[in-house]
1. Go through segment A:304-330 and report how many residues are assigned to a helix (DSSP H, G or I) and touching a residue at least 60 places away in the same chain (Cβ under 8 Å).
2. Quick check: is even one residue across segment B:317-332 within 30 Å of A:GLY67 (Cα to Cα), more than 14 Å from chain A (Cβ to nearest Cβ), surrounded by 13 or more Cβ atoms within 10 Å (Cβ to Cβ) and aromatic (Phe, Trp, Tyr)?
3. Mind checking which residues of segment B:244-270 are at pLDDT below 90 and of a type in the set (Gly, Ala, Ser)?
4. Collect the residues in segment B:50-101 that are charged (D, E, K, R) and farther than 19 Å from B:PRO142 by Cα, keeping them in residue-number order.
5. Considering segment B:182-241 alone, what residues qualify as being under 26 Å from the mean Cα position of the chain (by Cα) and of a type in the set (Phe, Trp, Tyr)?
6. When you scan segment A:180-280 for helices (runs of 4 or more DSSP H) that lie fully inside it, which ones turn up with 3 or more residues that are in contact (Cβ under 8 Å) with a residue 24 or more places away in the chain and in contact with a Leu (Cβ under 8 Å, 6 or more places away or on another chain)?
7. Here are A:ALA216, A:ALA198, A:ALA230: which of them is small (Gly, Ala, Ser), surrounded by 13 or more Cβ atoms within 10 Å (Cβ to Cβ) and within 14 Å of another protein chain (Cβ to nearest Cβ)?
8. Among the residues of segment A:226-258, how many are of a type in the set (Val, Ile, Thr) and either in the same structural domain as A:LYS57 (by TED's automatic domain parsing) or over 16 Å from A:TRP130 (Cβ atoms) (or both)?
Amino acid sequence: MKNLFKTAAFGMFALASTALVAGQANARDLTIVGWGGVAQAAQSDVYFKPFSQKSGKPFLEESWDGGYGVLQAKMKAGSPNWDVVQVEAEELALGCADGLYEKLDWDKIGVKDEFLPEAVNECGAGVYYWSLAMGYDGDKLNDGPKNWVDFWDTTKFPGKRSLRKGAKYNLEFALLADGVKPAELYDVLSTDEGVDRAFKKLDELKPNIVWWEAGAQPVQYLASGEVSIAAVYNGRVTGINKAEGKNFKLVWPESMYAIDSWVILKGAENKDAALDFIAFASQAENQAKLPLKVDYGMPNKKAAATIPPEIDANLPTYPDNLKQAIPLNVDFWIDNSEALTARFNAWLAQ
Amino acid sequence: MSGKSFLQKSGPLLLVAPLFLFICLFFIWPLGSVLTQSVSDNAVARLLPETAKVASSWDGQSAPAEGLQAAFVTDLRAATDEQAVGDMVRRLNSAQSGFRTLMSKTLKAVQDKPEGPIDLVALDRKWSQPQYWKAITDALSPTTDRYLLAAVDLMRNDAGEIISQPPKQTINVAIFGRTFWISATVTIFCVLLGYPYALLITVATGWKKQALLAAVLLPLWTSLLVRTAAWFILLQEQGLINSALMDLNIIADPLALIFNRTGVIIAMTHVSLPMMVLPIYSVLLTIPKNLMPAAASLGAHPLRAFVRVLLPLSFGGIAAGSLLVFMSAIGYYITPALIGGAGDQMISSFIAFHAQNSGNWGMASALGIVLLVVTIILYAVYERLATQRERSA
């Protein structure tokens, strides 16, 4: 009995000490988190790997699909296991206000005056501009949809539709389909009647909608013929055209654009390396390489100026594309996201 | 000597100590913190002590008095922890949309002017509207029932009475109903498929028995995600089932098997089946083989013998299997997410949404607590029925 007890106690002690030693194991490498897919593959080639070569230190990359709660949970759990994260405009504003991110030292990044003003934030540095636009297969539809009224018209364009799951963007698209002018979009959406109107319009299309969450899904649905028109990230469409020789088309008029930012999670283990990385990824010569691989717009004006014209025409930041597009109203969503998302979820689950 | 007797006495206790610690650490403590999370509401109260002192002097109707505004400004000046301020703003915005931008404007003004009074109404006319101040004064109590009420589609009105929420905003009750309905359906299908299968294993011998058992055990050893993904491939529009049926000219158009309730039930039934088959099988093994021939020798029709002899004796297995399947089905998340449509999501996906996407841990906890309570009630009913049966048997 005594021996057994001794052995058990010794075993427990051994276990506990290994756990302690393991707890102090090697420091984690710089962890960079993007949105996956073609965009992250391109970022890995032009930012992550060259930066790691330059600094002589390895890095880890992960991907996510957004969600403010994910970051919040990491912070509440103690020290976060991510360092640099690519976040959407709304997550940038929320997290910066809530103290989830480190304040960036723009003197160290050094290219503040080369950046477009909206790409500079005290907590974030612009990653790229992206659009959510209508996409369709040009081989299946000769004369494709021109606007959101067409998107809603299932007699003119038979087949299902795919939209990004969530209230954001879809309420805007629904109002546009209901004839609201882009300039009045958020004025209408700010009223209760406007929200009712948007949901009523979504009701019309509901049986024909296939919802997507990851950016790769709508392109797959278009390729397999499961849906005939989808709201897609613009870079995915040109990406699949290049990779698989497809003839997918984008509809720039009434597309919506926003900018993503790099942030550093507060108290991150590698926050100095993280800032060095952001500085590296913000330099004009490095940013200039990204659009050659994936069609997103660069926040560094010097980089944007060097893009070859045939690529430039595919970017959200190309003047002709920008002119017809609608910027996402981040402030509106910061205030109303919770209430509208609750209503959207209730609507969706009915 | 006394040392030895101490060891003898405490030996068993020490042996169970790790288990006891484990249960405390990984079961009781998390459960307690979920419970606390669902009723605690100190995000606002802990930062606004001065405001809390004068809040009762305000009638809640008119534009708030200067004293309240001044106390609020004093509190904001004293609040330096950014994350705590963030928690407060998020809590206020969830009660009254528009607080986010209002507060970032106000906090900036407070930072710019570290002393002296600030005219909040001049800063933003939202501050002249009572509903924003009402949101603050309502949030000053350290505990709240708003999450628990919201979890069952209720809320308090301005007078503090409990009323139902506007139907457009929430459908938690319907989702709970759906969760239990899907779980019950899956349990029934599992009994209908699992019982005959378990009976088959019991009577089979040799390699046939091994093969039948392996067919149950192999899926059990495979990851849930893999099994669900396999069903995705089988059920999809161009999937194996549809293409086989179409090649055989049984159907002309593909059946809708995926992104709907049918697919969810099929996949969940398959995934849960081993948990039904194994308990029934283990009970059937203990029933003497000669009972059925004995019943037949007394002239009972095989069906009558089954209903009067075998079924009552194996009831314990069915009950245990049903309980296992039903309880685990309630918590399903991955299978409905991959195979189901928007109308087939169960309560777990809403809990995950609140925990991961909206960062509303209070709401996520409240939904979890309601699920736990309802499940415990159902279990209590089951226990009662089972003991009554035992007594009457």
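The values are calculated or read from the model by the stated rules, or taken from the named source; none is laboratory data. No experiment lies behind these values; they were computed from the predicted model shown. With ideal geometry, Cβ positions are generated from the backbone for all residues, glycine too; neighbour counts draw on all protein chains shown.
1. Selection size over segment A:304-330: 5.
2. yes
3. B:ALA252, B:ALA256
4. Matches in segment B:50-101: B:ASP59, B:GLU66, B:ARG77, B:GLU82, B:ARG100.
5. Once the filter is applied, which keeps residues that are under 26 Å from the mean Cα position of the chain (by Cα) and of a type in the set (Phe, Trp, Tyr), segment B:182-241 yields B:PHE189, B:TRP221, B:TRP231, B:PHE232.
6. A:192-205, A:234-244
7. A:ALA198
8. 2
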